[in-house]
1. List the DSSP H helices in the chain whose Cα atoms stretch 27 Å or more along the helix axis and whose mean Kyte-Doolittle hydropathy is at least -1.0.
2. Taking a point 7 angstrom from the Cα of F215 along the C-beta vector, which residues in the stretch 377-404 have backbone N less than 17 Å away?
3. Assuming 0.36 nm per residue, please report the length gained on full extension of the stretch K34 to K16 beyond their Cα-Cα distance.
4. Based only on Cα atoms, what mean projected area does the convex hull of the stretch 269-375 have, in nm²?
5. Between R320 and A387, with labels modelled 7 Å along Cα→Cβ, what's the label distance in nm to one decimal, could you check?
6. How long are the three semi-axes of the equivalent ellipsoid for the chain, computed from the Cα gyration tensor as the root of 5 times each eigenvalue, in whole Å, largest first?
7. Fewest first, what order do K271, K287, K361 take by the number of other Cβ atoms within 10 Å?
8. Could you sort out which of K158/K287; K251/K300; K174/K250; K256/K312; K157/K300 sit more than 19 Å apart by Cα distance in this structure?
Amino acid sequence: MKYFEIEYISAGERYKIVVSSAHKVEAVKDFKTKSIGVLVGINEVDEPFEYKIEALKAKIKDYARPKRISLEPYIACLEQIAIMLNAGLPINICLEDVIKTAENKRIKEIFSVILKDVESGASMSKSMEQFSDELGKISIAMVDLGEKTGSLDESIKKLADILQEVFNNRLKLKKATRYPIVVIFAMIIAFSLVITLVIPQFQEMFKEYHTELPFPTLVLLWIENAIKQYAHFILAGAFALSIGLSIAYKKNMNFKMLFDRYMLKVYIVGKVIYLSMIGRFIYVFDKLTTSGIPLVDALKTSIDIVDNVYLKERLQSIVRGIEEGKNLTDSFRDTEQFESMIIQMISAGETSGSLNNMLDKISTIFRNRYTYLVENVSTMIEPLLIAGIAGFVLLLALGIFLPMWSIAEAVGGV
């Protein structure tokens with residue numbers, strides 16, 4: 001993009017304006033469309049400072065904006081559109097009503113652009129492509145299918161059902177992890193308060209009697225000194241580390257792949273990630289193929305909604321296998337992510353021509369496993385929490401009472 005400074009006359013006065021364009025001829029055409037005066041001269045200039053500021057603001061705004069819009073209001077909008085379309089209303093009226101009633105600012109902005117494009121003659125799916133990062137490719141695929149088959153209301157309703165399933169799984173996980181997170185934070189706060197407020201009181205008493213401090217007490221004193229002297233460095237280091245890891249995760253694909261692969265091996269967390277991602281993949285794949293989307297396109301769209309990069313890479317081998325001429329069963333087996341029972345069910349469905357029926361059953365299996373796991377997360381984490389609390393109490397007891405017993409023995413001996 002180049003910048004041109006145009007000098008023009010309007011009402012007997014000379015003015016200047018900067019126009020951005022690829023070529024000087026296009027800049028002149030853009031100026032003439034404004035109809036603001038008579039062109040006198042045009043020169044190429046460097047990018048103006050205010051343009052740089054605006055570009056920087058746009059980058060910051062784009063970086064700060066969530067990559068995906070909030071699912072709950074988006075699902076509500078989709079259901080509203082589906083109902084209105086089913087009632088026979090034209091798509092532009094449906095979009096206008098959504099813009100009026102939607103409370104989410106970003107959703108209003110997106111649907112306003114889509115409405116403008118639709119009224120200009122573009123298809124809804126084509127307009128949605130510019131927001132693929134926020135709406136997801138599954139939205140575009142389902143809307144495109146509805147437009148091609150003439151059943152846009154059914155496709156949008158099915159899209160809302162798919163996204164609702166994803167949203168419900170997220171809610172289940174948040175609900176299941178709320179209690180363990182609260183307990184862990186409470187333990188950290190309690191330990192910090194005891195270390196910083198209680199231990200110093202005993203330290204003065206220990207010094208007065210000149211007793212030799214046992215190892216647990218020395219550990220507590222070391223922790224207390226570290227918190228008092230280096231708390232700000234510790235917090236700054238933790239913050240810098242989290243920012244560094246976040247940047248590396250976003251920018252370095254090798255690190256992202258390694259991190260996501262490691263997360264699948266973490267106790268409980270890895271199982272939750274695996275069941276949620278694979279279950280989501282199977283569910284969406286089933287719905288898309290049932291809707292009539294071609295097999296390879298359905299696979300690609302289903303894989304795109306998997307957030308774990310390692311799992312996504314393994315699942316993409318299914319697409320490669322299909323494109324190389326392999327059957328679906330062998331392609332699924334090559335991923336090494338599915339147990340023998342799942343492979344056999346896919347094989348049976350593919351052989352008998354009832355693949356969608358089998359995919360629905362497999363989706364139910366993963367949904368039930370995921371539900372059972374998240375509902376029992378607290379029970380599974382309890383042994384770790386109890387061990388942590390026991391270690392905390394034991395360290396405090398040994399650190400405080402062992403030297404007190406030494407002091408009592410010294411006083412008794414005197």
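1. Going by DSSP H runs, the hits are 152-193, 215-251, 269-291, 355-375, 377-413.
2. Flagged as within label range: 391-392, 394-403.
3. Full extension of this stretch gives 5.1 nm more.
4. About 6.2 nm², averaged over all directions.
5. Distance between the two pseudo-spin positions: 3.8 nm.
6. With the √(5λ) rule applied to the chain, the semi-axes are 55, 38, 20 Å.
7. K361, K271, K287
8. Working: K158/K287 8 Å; K251/K300 23 Å; K174/K250 23 Å; K256/K312 12 Å; K157/K300 21 Å.
Where the Cα-Cα span goes over 19 Å, the pairs concerned are K251/K300; K174/K250; K157/K300.
Rule-based calculations on the coordinates, nothing more; no lab input. Because the structure is predicted, anything quoted here is derived from the model rather than measured. Reconstructed Cβ throughout: ideal geometry from the backbone, glycine too, with neighbour counts over all protein chains shown.
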